[in-house]
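Please read the structure below before turning to the comments.
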Amino acid sequence: MPEERDGGAGRIRWVFLDLGSVLLDEGAWIQLTHARALRELRTTLPSLSLREVKGCLEHPPPNTTALQALLSRYLLDPEERATLLAQIRESTAEAYYRLGTPVAGAREVLEELSGRYSLGILANQRPEAHDWLRRHDLADLFGVLGLSCDAGYSKPDPRLFAWALERAGCAPHEAVMVGDRPDNDIAPARRLGMATVRVRCLGEHTHQEPQTPDEQADVTVGSLAEVPEALARVAGEQGGDEPPRVRGLT
């Protein structure tokens, strides 16, 4: 286990990162789910072409993933949509870890952060995530792996966050959550008193907009490479003895 860091200036001791679309590039898997959805839709709409669905995939409505937009357009029954969505995700679960690669520069960014903070993962993931982290030489950088498959809770359930914080021996105001989703990552972390950084550059939720004040991250960045600077800014703004105040989207 990595040596625990005190965070230097400011109050930040631990930084927890989501996995998908923050450290793991889901792009190839997302393309696979789109192809699988198109194949399933063609069982009842055999003439359906990729050209026809291109608009759904490239320009989904706000707060809707491309896959959800595609299924909503061609399946009117909500229950039928939900069933097919679950089937697609389950049937491509193995491919998620096989096709997923580390975001460019992930190892370098994590090594930089590990010199200043203790690092943890907070993510909704299957047991295969452990192997993915080892296979890509990332597991050694994390002192706590807060995975839903191990904890028995899934984001946005605050119990997953509390589970990870307890194992880190860390108070919420001494931690930062770095994630890509306003609803699953930012809101529950803020409600517990954690500072937040949103990475908004990859994946299905890039176009998701905050719907409540709790979903507004303290800092939003456009790449993983910008996270160290964002954390230094958060730590600087947190100086003093009081827990951090909630700040708006920057």
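What is the residue count in region 46-70 for residues that are surrounded by 15 or more Cβ atoms within 10 Å (Cβ to Cβ) and assigned to a helix (DSSP H, G or I)?
Kept after step one, since they are surrounded by 15 or more Cβ atoms within 10 Å (Cβ to Cβ), are these residues of region 46-70: 48, 53, 56-57, 60, 64-70.
Next cut, assigned to a helix (DSSP H, G or I) only: 53, 56-57, 66-70.
Result for region 46-70: 8.
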Worksheet item: Of all residues in region 198-229, how many are in a loop (DSSP other than H, G, I, E, B) and among the basic types (K, R)?
Response: 1
Item to complete: Quick one: G20 ticks every box in (1) closer than 19 Å to V144 by Cα; (2) surrounded by fewer than 12 Cβ atoms within 10 Å (Cβ to Cβ); (3) modelled with pLDDT of 95 or more except a single one, so which number is it?
Response: (2)
Discussion item. Can you tell me how many residues within region 145-197 are under 13 Å from the mean Cα position of the chain (by Cα), in a helix (DSSP H, G or I), closer than 22 Å to R233 by Cβ and acidic (D, E)?
Written reply: 1
Worksheet item: Taking A86 and the conditions (1) surrounded by 13 or more Cβ atoms within 10 Å (Cβ to Cβ); (2) of a type in the set (G, A, S); (3) not in a strand (DSSP E or B), which numbered condition does it fall short on, given that it satisfies the others?
Response: (1)
Worksheet item: Inside region 71-83, can you point out the residues that are in a helix (DSSP H, G or I) and under 19 Å from E58 (Cα atoms)?
Response: L71, S72, R73, Y74
Fill in: Residues satisfying the stated conditions in region 100-133, i.e. under 19 Å from D185 (Cα atoms), outside any helix (DSSP H, G or I) and among the hydrophobic types (A, V, I, L, M, F, W, C)
V103, L119, I121, L122, A123
Discussion item. Let me spell it out: the conditions are (1) charged (D, E, K, R); (2) surrounded by fewer than 18 Cβ atoms within 10 Å (Cβ to Cβ); (3) touching a residue at least 60 places away in the same chain (Cβ under 8 Å); (4) assigned to a loop (DSSP other than H, G, I, E, B), and D137 meets all of them except one. Which number is the exception?
Written reply: (3)
Worksheet entry | Contacts under 7 angstrom Cβ, first residue in region 112-123 being more than 18 Å from A171 (Cβ to Cβ) and in contact (Cβ under 8 Å) with a residue 60 or more places away in the chain, partner among the acidic types (D, E) and crowded, with 20+ Cβ neighbours inside 10 Å, 6 or more apart | A123/D18
Worksheet item: From the list A164, A187, which residue is touching a strand residue (DSSP E or B) at 6+ places or on another chain (Cβ under 7 Å), of a type in the set (G, A, S) and at pLDDT 95 or above?
Response: A164
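The values are calculated or read from the model by the stated rules, or taken from the named source; none is laboratory data. Keep in mind the model is a prediction, meaning the values are calculated, not measured. Here the Cβ is made from the backbone with ideal geometry for all residues, glycine too, and neighbour counts use every protein chain on show.
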